[in-house]
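The values are calculated or read from the model by the stated rules, or taken from the named source; none is laboratory data. Given the structure is predicted, the values throughout are model-derived calculations rather than measurements. Methodologically, a virtual Cβ is constructed for each residue, glycine included, from the backbone with ideal geometry; neighbour enumeration extends over all protein chains shown.
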């Protein structure tokens, strides 16, 4: 079971420093254009913590996810968050079909590797992977807030920047506090998730 909440402050700093050392790609969001921006979400089967059995697995999966995305045509990663049993990525891709193929390969490879590590051959690891096209600027920015707030929503941390496996720290480093507060106020989550296909959310 993933134990972030049980780590000491020193242990958490080590994890955060390693993630920062990796320098995962992140691009400051441009003005919303409406072309090829998607929220990609995937969950483990029955929401089991297959990703989060250890800090090492969380780190390795985050790196593999970023690599898979960057292998697709013309990608831009706006935000991401990896949790012990699911992940979200807000991105631009020129070819969703190629992207879906890369993610399918990633899920197949991680299923095989993790089932071997856990001595659970034949176990179903992934349940689903969905994509939601961004319909408006409002939809885009509410989604940005949703992705970064996800670890808080699920009770892993109380502040965005305290979660090591997301782009939140990079995002907060790009924008001053007034901008972040304005974006949170102007693009509230409301019941995000129930109506995320609604362009007027």
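Which count do you get for residues in the stretch 108-136 that are buried (at least 16 other Cβ atoms within 10 Å of the Cβ) and assigned to a helix (DSSP H, G or I)?
So the count comes out to 4.
Out of everything in the stretch 181-193 that is out of contact with any helix residue (DSSP H, G or I) (no Cβ under 6 Å at 6 or more places or on another chain) and at pLDDT below 90, what residue ends up being surrounded by the most Cβ atoms within 10 Å (Cβ to Cβ)?
Looking at residues that are out of contact with any helix residue (DSSP H, G or I) (no Cβ under 6 Å at 6 or more places or on another chain) and at pLDDT below 90, I get 188.
Please specify each residue of the stretch 151-172 satisfying the condition of being touching a strand residue (DSSP E or B) at 6+ places or on another chain (Cβ under 8 Å) and either outside any helix (DSSP H, G or I) or modelled with pLDDT under 95 (or both).
Passing the criteria: 160, 163, 165, 166, 167, 168, 171.
Taking the stretch 67-84 only, how many residues are out of contact with any strand residue (DSSP E or B) (no Cβ under 7 Å at 6 or more places or on another chain), more than 14 Å from residue 164 (Cα to Cα) and modelled with pLDDT of 90 or more?
Qualifying residue count, the stretch 67-84: 2.
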